[in-house]
1. Can you tell me how many residues in the stretch 9-65 are in contact (Cβ under 8 Å) with a residue 60 or more places away in the chain and in contact with a strand residue (DSSP E or B) (Cβ under 7 Å, 6 or more places away or on another chain)?
2. Taking Leu63 as the residue in question, decide whether it is under 20 Å from Ile145 (Cβ atoms) and hydrophobic (A, V, I, L, M, F, W, C).
3. What are the residues in the stretch 1-43 that are open to solvent by 30 Å² or more (accessible area, probe 1.4 Å), away from the ligand (no atom under 12 Å from the Cβ), farther than 30 Å from Ala174 by Cβ and in a loop (DSSP other than H, G, I, E, B), if any?
4. If I filter the stretch 104-118 for residues that are within 13 Å of the ligand (Cβ to nearest atom) and in a helix (DSSP H, G or I), do I get at least one hit?
5. Starting from residues that are near the ligand (Cβ under 10 Å from one of its atoms) and either acidic (Asp, Glu) or outside any helix (DSSP H, G or I) (or both), keep the ones in the stretch 168-194 and report whichever is surrounded by the most Cβ atoms within 10 Å (Cβ to Cβ).
6. For the stretch 66-101, which residues satisfy the criterion of being open to solvent by 50 Å² or more (accessible area, probe 1.4 Å), modelled with pLDDT of 95 or more and away from the ligand (no atom under 13 Å from the Cβ)?
7. On the given criteria, is Glu53 modelled with pLDDT of 95 or more, open to solvent by 20 Å² or more (accessible area, probe 1.4 Å), farther than 18 Å from Glu144 by Cα and away from the ligand (no atom under 14 Å from the Cβ)?
8. Determine whether the stretch 173-181 contains at least one residue that is among the β-branched types (Val, Ile, Thr) and more than 26 Å from Met108 (Cα to Cα).
Amino acid sequence: MTRLLFLTGNAGKLAEATQFFAPLGYQVEQFLIDGEVPSVIEPQADDLRFVAESKIEQAVAYLYASGQKAAVLVEDAGLFIDQLDGFPGVYSASILKQLGLLGILKVMSDSNNRGAEFRACAALWDGQQIIFGEGICRGSITEEILGDRGFGYDPIFTPEDDDTGRTFGEMSRAEKGVFSHREKALKSLKNQLD
Ligand code: IMP
């Protein structure tokens, strides 16, 4: 098993990556130093890849400083809503904290255009080089909160490729994985590792 240190404070992302990498021979662990997720500076940029690149460089610096040998993973994701010109996008985490899901639904309450997409960019340091994987999941914003699984915006997002019309919040982790932006980004990493 290769150790893969995932620098994230998000338990949902950690669980999804752990499930994805286990069959590939990677043991995913949260990247901690002295029991804390090392703090990284997120550049203010609209581009997820730019943010992921900055985060992986900082994560690799922490890895060297800690004297550990392992692969390292970072990931940046967000929800881009058509009607709001892609907002909250790279600000998804802070906007969710400020408005909550009900606040987002309120902002969208007069909108007939409910199209949106999740985007993810993952970056992995394999000990020699950095590789990037990107993924998009198109879908729409529901009119109410549905389901209590997953994390973040999952209970208000319906992926368009699912015939059942359920939100990610109503799916198991494996069901979400069939459509998820994160799974696509991680699959792209996997293809490059192969
Ligand atoms: P970051 O990538 O940790 O900067 O934050 C992205 C934010 O986007 C998360 O905190 C969630 O609120 C949201 N997000 C990203 N991916 C997902 C997902 O798969 N489901 C639901 N919300 C997500």
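1. Here the count works out to 13.
2. Details: under 20 Å from Ile145 (Cβ atoms): no; hydrophobic (A, V, I, L, M, F, W, C): yes.
Here the answer is no, as Leu63 does not meet what is asked.
3. Once the filter is applied, which keeps residues that are open to solvent by 30 Å² or more (accessible area, probe 1.4 Å), away from the ligand (no atom under 12 Å from the Cβ), farther than 30 Å from Ala174 by Cβ and in a loop (DSSP other than H, G, I, E, B), the stretch 1-43 yields Asp34, Gly35, Ser39, Ile41.
4. So the first thing to find is which residues in the stretch 104-118 are within 13 Å of the ligand (Cβ to nearest atom), and the list is 104, 116-118.
Still in the list and also in a helix (DSSP H, G or I): 104.
Looking through the stretch 104-118, at least one residue is within 13 Å of the ligand (Cβ to nearest atom) and in a helix (DSSP H, G or I).
5. Ser180
6. Asp82, Gln83, Leu84, Asp85
7. On the way: modelled with pLDDT of 95 or more: yes; open to solvent by 20 Å² or more (accessible area, probe 1.4 Å): yes; farther than 18 Å from Glu144 by Cα: yes; away from the ligand (no atom under 14 Å from the Cβ): no.
It is false that Glu53 is modelled with pLDDT of 95 or more, open to solvent by 20 Å² or more (accessible area, probe 1.4 Å), farther than 18 Å from Glu144 by Cα and away from the ligand (no atom under 14 Å from the Cβ).
8. Narrowing the stretch 173-181 to residues among the β-branched types (Val, Ile, Thr): 178.
Then keep just the ones that are more than 26 Å from Met108 (Cα to Cα); that gives 178.
Scanning the stretch 173-181, I find at least one residue that is among the β-branched types (Val, Ile, Thr) and more than 26 Å from Met108 (Cα to Cα), so the answer is yes.
The values are calculated or read from the model by the stated rules, or taken from the named source; none is laboratory data. Keep in mind that what you see is a predicted model, and the values were worked out from it rather than measured. Every residue, glycine as well, gets a Cβ built from its backbone with ideal geometry; the counts of neighbours run over all protein chains shown. We work out accessible area using only protein heavy atoms, side chains counted, and drop any ligands, DNA or RNA first. Shrake-Rupley method; radii C 1.70, N 1.55, O 1.52, S 1.80 Å.
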